[in-house]
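A quick write-up on the structure given underneath.
The values are calculated or read from the model by the stated rules, or taken from the named source; none is laboratory data. For clarity, every value in this text was computed on a predicted model and none was experimentally measured. All Cβ positions, glycine included, derive from the backbone under ideal geometry; neighbour counts span all protein chains shown.
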Amino acid sequence: MPTFEKVIEDTAFNLLKLAVVQLPSDVKDALKRAYKEETSEAGKVQLEAILKDIELAEKENTPLCQDTGIIIFYVRAGDKAKDLNLIEKALQNATRRATKEIPLRPNAVDPFTQKNSGDNTGRYIPYINWEITNGDSIEITAFPKGGGSENVCTIGMITPGEGVTGLKKFVIDAIIKAGAMPCPPTVVGVAAGGGADIAMKLAKATLLRPLGEPNSNSDLANLEKELYEAANSTGIGPMGLGGKFTVLGVKVEYAHRHPASYPVAVAFQCWAARRATARINSDETVEYLTHKTR
Ligand code: SF4
């Protein structure tokens with residue numbers, strides 16, 4: 001019988017493997033739909049190559065992109081869940097094992113010495129976003145984040161007087177400026193308010209919401225649709241080679257803001273929109289929520 005720490009480690013290992021090998025079905029469906037509806041020949045060719053790559057990765061059980069990202073986890077821990085103190089070490093061990101066994105590209109570099117740790121762990125990496133919820137289960141999401149899309153994430157301060165019009169302009173400017181760099185079609189997470197750090201955290205976390213799941217706030221659902229249509233009228237297209245599909249979806253989140261500040265964060269996720277989630281119950285059974293495991 002494995003220890004609880006080993007259950008967490010094995011689950012996190014499986015999540016990393018599922019995430020880098022197999023996209024969640026909402027992302028695959030969105031890419032298939034984009035392929036069907038893309039009118040630009042160059043864009044269609046790119047989407048076809050992406051779909052073939054996804055198929056091959058699943059068949060060969062290998063990562064679908066050579067950049068297996070920097071490792072981020074989201075942990076939703078029930079207030080009655082046991083042994084929460086074991087999670088951090090278990091996620092680090094899972095990351096080391098995944099780097100060796102899957103394998104993952106070593107992507108954790110000390111910004112001052114430029115030394116690569118070689119095993120995807122380091123100071124604050126894997127980064128763990130914690131949330132305390134009700135209950136006795138633990139939900140873990142593996143979110144390997146590619147460098148190309150990370151490089152164009154942006155945070156800015158518009159003036160409060162500019163309001164939502166200023167926000168829309170900021171987001172579309174960021175998408176145009178990013179161009180081909182984030183490997184489009186992307187998923188774009190937008191967050192307004194809070195502070196600089198809060199806005200970017202919310203913008204990234206909103207990327208976890210499945211494509212096709214509308215915002216529960218109808219005004220924000222409309223804003224998402226408007227931004228989606230505006231982004232897809234830029235003509236950047238798949239891999240920046242022109243076409244209808246620059247984004248697969250836009251997600252919007254917000255926090256209340258200081259009267260004098262209006263932060264807007266734009267987080268980009270490439271077509272390889274990898275994420276995998278599982279729930280570990282108090283009896284140590286594990287349910288995989290984003291992927292079929294059999
Ligand atoms: S941005 Fe995404 S698709 Fe592009 S190279 Fe990086 S991980 Fe791969």
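Details
- Hits in region 59-118 - residues which are of a type in the set (Phe, Trp, Tyr), surrounded by 17 or more Cβ atoms within 10 Å (Cβ to Cβ) and out of contact with any helix residue (DSSP H, G or I) (no Cβ under 6 Å at 6 or more places or on another chain): 74
- The selection criterion, being in contact (Cβ under 8 Å) with a residue 24 or more places away in the chain and more than 30 Å from residue 201 (Cβ to Cβ), does not hold for residue 90.
- Options 143, 73, 112; residue that is touching a residue at least 12 places away in the same chain (Cβ under 8 Å) and more than 16 Å from the ligand (Cβ to nearest atom): 73
Quick grid of which residues meet (1) buried (at least 20 other Cβ atoms within 10 Å of the Cβ); (2) at positive phi; (3) touching a helix residue (DSSP H, G or I) at 6+ places or on another chain (Cβ under 7 Å); (4) assigned to a loop (DSSP other than H, G, I, E, B):
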site: 203; (1), (2), (3), (4): yes, no, no, no
site: 206; (1), (2), (3), (4): yes, no, no, no
site: 214; (1), (2), (3), (4): no, no, yes, yes
site: 220; (1), (2), (3), (4): no, no, no, no
site: 223; (1), (2), (3), (4): yes, no, no, no
site: 229; (1), (2), (3), (4): no, no, no, no
site: 235; (1), (2), (3), (4): no, yes, no, yes
site: 264; (1), (2), (3), (4): yes, no, yes, no
site: 273; (1), (2), (3), (4): yes, no, yes, yes
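- Residue 192 vs. criteria crowded, with 19+ Cβ neighbours inside 10 Å, over 30 Å from residue 49 (Cβ atoms) and either of a type in the set (Gly, Ala, Ser) or within 16 Å of the ligand (Cβ to nearest atom) (or both): yes
- Yes/no for residue 144 being in a strand (DSSP E or B) and at pLDDT 95 or above: yes
- Exactly one residue out of 165, 95 is within 30 Å of residue 43 (Cβ to Cβ), more than 15 Å from the ligand (Cβ to nearest atom) and at pLDDT 95 or above, and it is 165.
- The single condition from (1) assigned to a helix (DSSP H, G or I); (2) surrounded by 19 or more Cβ atoms within 10 Å (Cβ to Cβ); (3) touching a Lys or Arg at 6+ places or on another chain (Cβ under 9 Å) that residue 162 fails is (2).
- Which numbered condition residue 38 fails, given (1) without any contact (Cβ under 8 Å) to a residue 60 or more places away in the chain; (2) buried (at least 21 other Cβ atoms within 10 Å of the Cβ); (3) acidic (Asp, Glu): (1)
- Selected residue [over 25 Å from residue 241 (Cα atoms) and within 16 Å of the ligand (Cβ to nearest atom)] from 23, 31, 16, 56: 16
- Qualifying residue in region 169-179 (condition: touching a Pro at 6+ places or on another chain (Cβ under 6 Å), touching a residue at least 60 places away in the same chain (Cβ under 8 Å), within 12 Å of the ligand (Cβ to nearest atom) and not in a strand (DSSP E or B)): no
- Only residues that are in a loop (DSSP other than H, G, I, E, B) and touching a residue at least 60 places away in the same chain (Cβ under 8 Å) were counted across region 115-140, and they come to 2.
- Among the conditions (1) within 16 Å of the ligand (Cβ to nearest atom); (2) outside any helix (DSSP H, G or I), the only one that residue 155 does not satisfy is (1).
- Residues satisfying the stated conditions in region 184-229, i.e. small (Gly, Ala, Ser), touching a residue at least 24 places away in the same chain (Cβ under 8 Å) and out of contact with any Leu (no Cβ under 9 Å at 6 or more places or on another chain): 195, 196, 199, 203, 205, 212
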